[in-house]
1. Show me, for the range 129-142, the HN-Hα J-couplings you get by feeding each phi into the Karplus relation (A = 6.51, B = -1.76, C = 1.60, θ = phi - 60°), rounded to Hz, glycine and proline as x.
2. Provide the FRET efficiency to the nearest 0.05 for the residue 211-residue 30 pair, computing r from the beta carbons and using R0 = 35 Å.
3. Which one, 86, 215, 35, has the greatest fluctuation when you compute a Gaussian network model over the chain with C-alpha springs under 10 angstrom?
4. Top mean-square fluctuation among 84, 153, 103, Gaussian network model of the chain, C-alpha springs under 10 Å?
5. Please list the non-local residues whose amide H lies under 5 Å from the amide H of residue 241, H modeled 1.01 Å from N, same-chain partners needing a gap of 5 or more.
6. In the range 54-72, whose amide N lies under 16 Å from the spot 7 Å out along Cα-to-Cβ of residue 95? List them in ranges.
7. First select every other residue whose beta carbon is under 11 angstrom from the beta carbon of residue 42; then total the charges, Lys and Arg +1, Asp and Glu -1.
8. Residues of the range 1-40 with amide nitrogen under 11 Å from the 7 Å Cα-to-Cβ point of residue 83?
Amino acid sequence: MKVIKSISEMQAYMREKVKEGRVIGFIPTMGYLHEGHQQLMREAKKECDFVVTSIFVNPLQFGPNEDFDRYPRDEHHDLKIAEQEENDILFFPHVNEMYPNEQSVNMTVHKRVNALCGKSRVGHFDGVVTVLAKLFNIVMPDKVYMGMKDAQQVAVVDALIEDYNIPVKLVPVPTVREEDFLAKSSRNVYLNAIEREEAPYLYQGLLHGKSLIEENVEKSPQAVIEAVSHFIKTHTHGKIDYVDVLSYPQLESLEVCRGDMIIAVAVHFEKARLIDNIRVYQ
């Protein structure tokens, strides 16, 4: 595995791979790699003959109340994981390499951000699309792999690729789960013993909502939201941030449960905020 920290070196190297006709798979991350990232790497390895993972903690994604400096970092661990998963390149730029000067052009996301986590993270997805636009130009991938655990981010990146005719295929990868179906997350370690027992009920609540739609018990999105909320409140001590039923990937409100949809939840426990979602087709 080759580690590259310079944009110019990375672009020069990738131009050669493009000339060679390699199918390039790309996994953009902010590091602190875990099993979810490993699953993305494995999917890329299966479908592509050259795999690149980037690690860059993007300051543009952090709001004024979010501590960029405290974001977890472990370079030695990340290098070990990336090598273990047989990445061909680990792109590891410094913030001054990615943003040497103040941006002259700002990217702003207008759709798919006024719901779910985007409501409370104003400007977050502007930072996401800005860094990805840069990374796509640097890495020049054929396919980009992203986890469906953050379904809103996948939806926003889908819009970026479509709106700007970026020649890359977005490959959404299903959420990696524990044996009890809790979505894997670095935040799970902050759950106490009781919360850890309760947390899998988030996914059980989503399954309950999905069954109501698929079995035609409920056609009203609001009724499904209330049913999922009641299920989570009954089985956990967590404080619900949101439960919603939206079209996907547009993330727009629905009058009737029909078409391609997502049921999504966010729940606050004492020291962790967990998110999860499930796709529904009706």
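1. 5, 5, 5, 6, 4, 5, 5, 4, 6, 7, 8, 6, x, 8
2. Result of the calculation: an efficiency of 0.50.
3. 215
4. Largest GNM mean-square fluctuation: 103.
5. Here 266, 267, 268 satisfy the definition.
6. Only 55-72 fall inside the zone, counting backbone N under 16 Å.
7. Summing Lys and Arg as +1 and Asp and Glu as -1 gives -3.
8. Answer for this model: 1-3.
Read-outs: derived from the displayed coordinates by stated rules, not from any lab. What you see is a predicted model; the values in this text were computed from it and never measured. As a convention, Cβ positions derive from the backbone with ideal geometry for all residues, glycine included, and neighbour counts pool all protein chains shown.
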